[in-house]
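Trainee: Here it is, the structure in full.
The values are calculated or read from the model by the stated rules, or taken from the named source; none is laboratory data. Source: prediction; values computed, not measured. Here the Cβ is made from the backbone with ideal geometry for all residues, glycine too, and neighbour counts use every protein chain on show. All accessible areas refer to the heavy atoms of the entire protein, side chains included, with ligands and DNA or RNA removed. Shrake-Rupley method; radii C 1.70, N 1.55, O 1.52, S 1.80 Å.
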Amino acid sequence: MTTPLQKWVQEVSDLMTPDKVYWMNGSDEEAKELAKMAESEKVNGNPILTKLNDKEYPNSYYHRSNPNDVARTEHLTFVCLPNKDDVGSNNIWMDPKEAKEKMNGLFKGCMKGRTMYVIPFVMGNPKSNYAKNCVQFTDSLYVALSMRIMTRVGDVAVERIGNSDDFFKGYHSIGDVNPDRRFIMHFPHENTVMSFGSGYGGNALLGKKCYSLRIGSYLGYKEGWLAEHMIVIGVEDPQGKKTYFLGAFPSACGKTNLALLDPVLKGYKVWTIGDDIAWINVGPDGQLYAINPEAGFFGVAPGTGEKTNPVMIDTLKSDKFFPTLFTNTAVDNDNNTPWWEGLSKEIPENMTEWQGAKYDKTSGKPAAHPNSRFTVSAKCCPTMSDEFENPQGVPISGIIFGGRREKTMPLVYECSSWDHGVFTASIIGSETTAAQAGASGVVRRDPMAMLPFCGYNMADYFTHWLSFKNRAKKLPKIFMVNWFRKDENGKFMWPGFRDNSRILKWMIDRIEGTVEAQEKELGLFPKIEDMDLSNLNISKEIMEKLLSISKEEWKSEIVMIEEFYAKFGDKMPKELKDQLDILKKKFA
Ligand code: GTP
Ligand code: SPV
Ligand code: MN
């Protein structure tokens, strides 16, 4: 008897006509075999993978992508629900029928001469009721190996799927890596994504942004849960008590760094559960519980160093999983090790830059692409929490939102209610980064850090967020942070990174009710004397600046918020419009 899964694979291979169809089982032996093939297989004259120095970086390989394929391409990403109004102005819509015709045209015969890798995987611990069954196929060895790191690949997914047709169907071909023939099409109502022409993480590892966020958020809306662009961490205090937080920052704005934080504050410890995606459910006791559906990290390399993120450096040097990948970093040829800006103070003499040329230090250009990344298993991370595999997830006491803002946004404040928290998250603005193709440094609204990832109308999404005040018995506190505020000379005023533990401590004190806050226009602010700034060389004046609110800046901010809200017309929930009115009056 053929199962729906087998039938589907037969249909897609009939269309794409690969020379071979290979089903991945997720074993170590298989990964080693695939890596060996990737070392000998060439694309554009370059091997797909090159082995790096095994002593310094065990099990590690280098991958150089096509220079036109180094980031997510939001302008080529579509949500194809039958009704255009259901995708909202936050998404680009295409009629599902038209989208499928287009994709089938691209997919027809696209795997001739190639192997189709069928990758069955589970998002979340297979023992969890919150876990989801998925299958993606691809003709890229790099994508196949990356999926092994980022998800739980193997027979367990095939067993869970059994004779059912209820599984995520991910279509992927790297095609000819031509941006004119590149599309990432989502069909949330059919649990399907079709992706062609890119091998880049967010475009090609379909379990990640495509499924766990865009399709996931749509499922969450229908089923009463949330799929979010969030880290999940447990912060242990000196008494050993753990407080669990979620944290949402836009792409390349500090999630991975906060998720693997090594606190400067004595006696505190951060336990990692997730660094990019959280699935949040109301648990049996009425609290919010979160799991991380992923199994690895696809992290930004530049800026990761011994000083800023020692835990990630240890993770990358671990030998606990095969393989670890480095993509579009530079290579230090004397040591055959990956290198990027921020890894070490000295720049190695003999380097190949990310596009394959000899690196010229005097060029003024970075050696690694600003969005160069590593792909590494959570098994390699020394701070991984015991709760990572907990099928129920962890109970959440605080939600941290943030953005990257040179100006306007204070270092930290607390929201005064759930509605106020949802409002505050809905008005997040952030400077764009190299994680998405296009200009960097442009301020755009990025509500909940989900603008590129919400798979349905964002106004409905806000309504869904608001509804948790009725679904949950006990809600977490909501905080807003900005690590990136600069002084007149363009220098970051807050040291950030490991010093962010000072902010986490204040949040825990607020959750425990041991410190008071002071009310300002935006919310509840810390009193400077309540913050642990021990052994930190920062003046009271700078702290005041970091926590200050400029009436002028907020007046123009409100104009931008109104423009953004207007894009959603009548669908915008009343609670948020009321909150905006209240804020406007405060700055009138
Ligand atoms: P995605 O993987 O794209 O979702 O990003 P992310 O939010 O996980 O970003 P990540 O933690 O990798 O941070 C990206 C960039 O922000 C790097 O260049 C870091 O050096 C920088 N960064 C992170 N935390 C801080 C901080 O506290 N202060 C400053 N100044 N920079 C930071
Ligand atoms: C992001 O851009 O937010 C990332 C990288 O985490 S990707 O998975 O490529 O989207
Ligand atoms: Mn991300």
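Trainee: Averaging over every viewing direction, what projected area does the convex hull of the Cα atoms of region 16-151 cover, in nm²?
Mentor: Averaging across all directions leaves 11.4 nm² for the Cα convex hull.
Trainee: Checking the table LYS132/LYS567; LYS97/LYS209; LYS42/LYS208 against a 28 Å threshold on Cα-Cα, which pairs fail?
Mentor: LYS132/LYS567
Trainee: What accessible surface, in Å², does a 1.4 Å probe find on THR151, ignoring ligands, DNA and RNA and rounding to the nearest 10?
Mentor: 10 Å²
Trainee: Kirkwood Rh and Cα-based Rg: tell me the resulting Rg over Rh for region 80-239, rounded to two decimals.
Mentor: For region 80-239, the value is 0.99.
Trainee: What list of ³J(HN,Hα) values in whole Hz, one per residue of region 321-328 in order, does the Karplus curve 6.51 cos²θ - 1.76 cosθ + 1.60 (θ = phi - 60°) give from phi, with Gly and Pro shown as x?
Mentor: After applying 6.51 cos²θ - 1.76 cosθ + 1.60, I find 8, 10, x, 10, 10, 10, 10, 6 Hz.
Trainee: Taking amide hydrogens as modeled 1.01 Å from N in the peptide plane, which residues meet the under 5 Å criterion relative to SER60, leaving out close sequence neighbours?
Mentor: Those qualifying (amide H under 5 Å, at least 5 residues apart or on another chain) are LEU52, THR324.
Trainee: Averaged per residue, what accessible area in Å² does region 152-222 show with a 1.4 Å probe, protein chains only?
Mentor: I get 28 Å² per residue for this part.
Trainee: What whole-number value in cubic angstrom gives the convex hull volume per residue for the C-alpha atoms of region 301-380?
Mentor: Residue-normalised Cα hull volume stands at 90 Å³.
Trainee: Per-residue ellipticity at 222 nm for the chain, helices alone: DSSP H runs ≥ 4 residues times -39500 (n - 2.57), over residue total, nearest 500 deg cm²/dmol?
Mentor: -7000 deg cm²/dmol
Trainee: Here is a further query. Could you list which residues have their amide H under 5 Å from that of PHE401, counting only those 5 or more apart in sequence or on another chain, with H placed in the peptide plane?
Mentor: ALA248, PHE479, MET480, VAL481
Trainee: Could you look at the chain and say what percent of its accessible area is carbon and sulfur, using a 1.4 Å probe and all protein chains?
Mentor: C and S fraction of accessible area: 48 percent.
Trainee: Whole-Hz ³J(HN,Hα) for each residue in region 338-343, computed from phi via Karplus 6.51 cos²θ - 1.76 cosθ + 1.60 with θ = phi - 60°, x for glycine and proline: what do you get?
Mentor: With the stated coefficients, region 338-343 comes to x, 9, 8, 4, x, 6 Hz.
Trainee: Follow-up question, since we're still on this one. So if the hydrodynamic radius of region 1-60 is defined as the Kirkwood radius over C-alpha pairs, what does Stokes-Einstein give as its diffusion coefficient at 25 °C and 0.890 mPa s, in µm² per second?
Mentor: So the translational diffusion coefficient is about 171 µm²/s.
Trainee: Mean separation of Cα pairs under 8 Å and 6+ residues apart, divided by the residue count of the chain: what relative contact order is that in percent?
Mentor: Relative contact order for the chain comes out at 15 percent.
Trainee: Hey, rough spin-label estimate for ASN390 and SER467, points 7 angstrom out along Cα→Cβ, what's it come to in nanometres?
Mentor: 2.6 nm
Trainee: Also, I was wondering about something else. To make sure I understand the rule: partners must be aspartates and glutamates, Cα under 15 Å from the Cα of LYS520, and not fewer than 8 residues away in the same chain. Which ones qualify?
Mentor: GLU414, GLU544
Trainee: As a test of understanding, state the convex hull volume per residue of region 189-252 from its alpha carbons, in Å³.
Mentor: Output value, Cα hull per residue: 115 Å³.
Trainee: Based on the alpha-carbon gyration tensor of region 149-190, what equivalent-ellipsoid semi-axes (square roots of 5 times the eigenvalues) come out, in whole Å, largest first?
Mentor: That gives 27, 15, 8 Å for the three semi-axes.
Trainee: 7 Å from Cα along Cα→Cβ at both ILE347 and LYS7: what's the point-to-point distance in nm?
Mentor: Reported label-point gap for ILE347 and LYS7 is 5.9 nm.
Trainee: Quick one: accessible area per residue over region 301-380, 1.4 Å probe, rounded to a whole number of Å²?
Mentor: Counting only protein heavy atoms, the per-residue value for region 301-380 is 43 Å².
Trainee: Enter the mean projected area of the convex hull around the alpha-carbon atoms of the chain, in nm², rounded to one decimal.
Mentor: Quarter of the Cα hull surface area: 26.0 nm².
Trainee: Counting only residues 5 or more places away or on other chains, whose amide H sits under 5 Å from the amide H of LEU206 once H atoms are built in the peptide plane?
Mentor: Amide H to amide H, under 5 Å and 5 or more residues apart or across chains, LEU206 pairs with nothing.
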